[in-house]
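A short write-up of the structure that comes next.
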Amino acid sequence: MKPFAYLRPASVAEAVRVSAATPGARFLGGGTNLVDLMKLGVETPGLVIDVSRLPLDRVTRTDDGGLRIGATVRNSDLAAHPDVRADHPALSQALLAGASGQLRNTATTGGNLLQRTRCPYFQDITKPCNKRDPGSGCPAREGAHRDLAVLGHSPHCVATNPSDMAVALAALDATVLLHGPEGERAVPVTDFHRLPGDNPDQDTVIRPGELITEVVLPPPPDGAVSLYRKARDRASYAFALASVAAVLAVRDGRVAHVSLAFGALAHRPWRARAAEDVLRGATADRETFARAVEAELEAARPLRDNGFKVDLARRTAFGALTELASRAAPND
Amino acid sequence: MDPTPAGRGTAAPAPADDRSTLTLHVNGTARTLTLDHRTTVLDALRQHLGLTGVKKGCDHGQCGACTVLVDGRRANSCLLLAVAHDGARVTTVEGLADGDRLHPLQAAFLERDALQCGYCTPGQICSAAGMLDEAAAGFPSHVTPPTADVPVGPAPLGADEIRERMSGNLCRCGAYPHIVRAIEDVAP
Ligand SMILES: Cc1cc2nc3c(=O)[nH]c(=O)nc-3n(C[C@H](O)[C@H](O)[C@H](O)COP(=O)(O)OP(=O)(O)OC[C@H]3O[C@@H](n4cnc5c(N)ncnc54)[C@H](O)[C@@H]3O)c2cc1C
Ligand code: SF4
Ligand code: FES
Ligand code: FES
């Protein structure tokens, strides 16, 4: 690991000022991803700016009944928060499906959103990788890509975003608040992560020096129920092969509200707009659900070894919608 | 990754901003150290404070062997920078017993023969101690049934809950069945 200087800023303003003035500086949340990548030599910051003690560790109600989640709230505290469990079970379940008890105690909201891909070539500095070393190539395309993308990939990168939490936030229409040298801005979480295109080194639209300060959730839609389902190689403590976050409200047998997002299929949480278009206003039955999921996954372009993920995603989404429908309209 | 002086004879002397003086309250005693910023809490405990109960398995957050309690909560000490934990209370397996009286989890692990080689055991026990507190505080797990009325009381702990909540601690010897039984003995 490269030697580095360490700073614990007293305020958001100081964190942003120092970060903007120090190329190559990195913010430290829980460190469960950053420290790992520093040990691997993938990250080599000259300055680590520890934001974990900034006063961003609260979950509070917004005036409209939504929730503001501070960037340094630990994943385990967020999952256990009574308002999150009551209003947004999909978020609590997504967090609890990720990593381990120890890691969730340490990991923060901001760090979770910015965790890097688990592509094995990205993590191995002896290998080429366009994300780590732009222009060096993408060995995953022909190599080990069983766990990687089936949607939205490019010739330059086929990595997936590994976060479970981000998938739930995408389905819940969350907004990310950023503080940067040019001030504050709000970005819908569905626009926060990028597709790889020809510059996969950029995971997100975050700009140099910008700090995530909060994530804001709107109140849950009337009568909506939500859940998160994750398919993986082991029953616990494994990254997703395919996952689904879904929110559904049914009125008079018809879909009154729906949002659906896939995880582990693409470079970003995949909000399933095509499926939602089929579902909205349609009869909430199995035939509609199958058609909707199909409409979304038509766009899938699996690689040599990961075609199974499309089928896994199909079944996981169909199961999630069926389960939610039985809860949303128990008497239908 | 080993930043201790003994490990690197050829390194240029680190500039002053590469190290800091910090205090960890380890098993109830304040320990002040001047450490290279690269030093993890794990290496501080093992190499600078001689507390070798805490183990290094993977050094990447994957195995749980390095689990300790930090301010009462379990964490993988291999991924914690010591400098970022200045002022923290750290409890290792050495700090769990009350004098000669074993912690109930230590006694249960012995009673149930919940180990073979023992390498993962300190991490298992520290993790279980943190896990029991989390459940007592009502923290849910992945296998806790979701309910509309969020319960405020402690989360009940059956074998499935224990297995899920302990999944961050791997055991190469496969002592899992006895580990789960030992923890069940202590769970309320
Ligand atoms: C063994 C293992 C298994 C795992 N399994 C899963 C899993 O199944 N599912 C899952 O979702 N995740 C999993 N994870 C990943 C884990 O969730 C992330 O490591 C964690 O969420 C990162 O949060 P952190 O606070 O520790 O981030 P850090 O490591 O501190 O930071 C990560 C990145 O975010 C930046 N950053 C941190 N905070 C901010 C901020 N406020 N503003 C701007 N930038 C910031 C850092 O500079 C860094 O680039 C696993 C990790 C490990 C080690
Ligand atoms: S898939 Fe992306 S992260 Fe993986 S090797 Fe290719 S460029 Fe690198
Ligand atoms: S040594 Fe820390 S988790 Fe393996
Ligand atoms: S007892 Fe040997 S690793 Fe667990």
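When the Cα positions of B:Gly130, B:Ala187, A:Leu151 are compared along the charge dipole of the protein assembly as shown, A:Leu151 comes out farthest toward the positive end, with charges on each C-beta of Lys, Arg, Asp and Glu. Here is the link list: A:Lys39/A:Lys127; A:Lys39/A:Lys131; A:Lys127/B:Lys55; A:Lys39/B:Lys56. Which ones come out longer than 21 Å on Cα distance? With Cα atoms farther than 21 Å apart: A:Lys127/B:Lys55.
Under the definition of partner shielding as Cβ atoms of other protein chains within 10 Å of a residue Cβ, what is the mean value for peptide A:33-40? Provide the component values of the computation, followed by the final result.
On the way: counts 2, 2, 11, 8, 1, 4, 8, 2.
Mean partner shielding for this stretch: 5.
On the basis of the beta-carbon distance and an R0 of 30 Å, A:Ala238 and A:Arg327 show a calculated FRET efficiency of 0.65. Given a cut-off of under 8 Å on Cα pairs at least six residues apart, what relative contact order in percent is computed for chain B? Reported relative contact order: 21 percent. The listed peptides A:220-229, A:128-137, A:57-66, A:242-251, ordered by packing as a protection proxy, come out as A:242-251, A:220-229, A:128-137, A:57-66 (highest mean of other Cβ atoms within 10 Å first). Listed by chain and number, the aspartates and glutamates whose C-alpha is less than 12 Å from the C-alpha of A:Lys230, apart from same-chain residues fewer than 8 away, are A:Asp164.
Restricting attention to segment A:141-207, which trypsin sites (Lys or Arg not before Pro) occupy a DSSP loop and are surrounded by at most 15 other Cβ atoms within 10 Å? Those satisfying the criteria are A:Arg146.
Given 10 Å bins starting at zero, what is the percent of C-alpha pairs of the protein assembly as shown in each, up to the one with the largest pair distance? The percentages, shortest bin first, are 4, 18, 28, 27, 17, 5, 1, 0. Once Rg and the Kirkwood radius are both taken over the C-alpha atoms of segment B:19-96, their ratio Rg/Rh works out to 0.91.
Just the number, please: percent antiparallel of the DSSP beta bridges in the protein assembly as shown, rounded to the nearest 5. Of those bridges, close to 90 percent are antiparallel. By the helix-only formula, in which each DSSP H run with n ≥ 4 contributes -39500 (n - 2.57) and the sum is divided by residues, chain A has a 222 nm mean residue ellipticity of -8000 deg cm²/dmol. Three principal axis extents of chain B based on alpha-carbon atoms, in descending order, are 56, 39, 31 Å.
Please state, to two decimals, what the Cα-based radius of gyration of segment A:230-332 comes to when divided by 2.2 N^0.38 Å (N = residues). Please list the in-between numbers first.
On the way: Rg = 13.7 Å, N = 103, 2.2 N^0.38 = 12.8 Å.
Rg over 2.2 N^0.38 Å, computed on Cα atoms: 1.07.
Considering every residue in B:79-91, what mean count of other chain Cβ atoms within 10 Å of its Cβ is obtained?
Values: counts 13, 5, 9, 0, 6, 11, 3, 4, 1, 0, 0, 0, 0.
That works out to 4 on average.
Across peptide B:61-67, the mean count of Cβ atoms from other chains lying within 10 Å of each residue's own Cβ comes to 4.
Among A:105-112, A:68-75, the peptide with the highest mean count of other Cβ atoms within 10 Å heads the list, and the full ranking is A:105-112, A:68-75. Our summary of shape: the Cα atoms of segment B:104-186 have principal axis extents of 44, 22, 16 Å, ordered from largest down, in whole angstrom.
A short reminder: the numbers here are calculations on the coordinates, not readings from a lab. Because the structure is predicted, anything quoted here is derived from the model rather than measured. Here the Cβ is made from the backbone with ideal geometry for all residues, glycine too, and neighbour counts use every protein chain on show.
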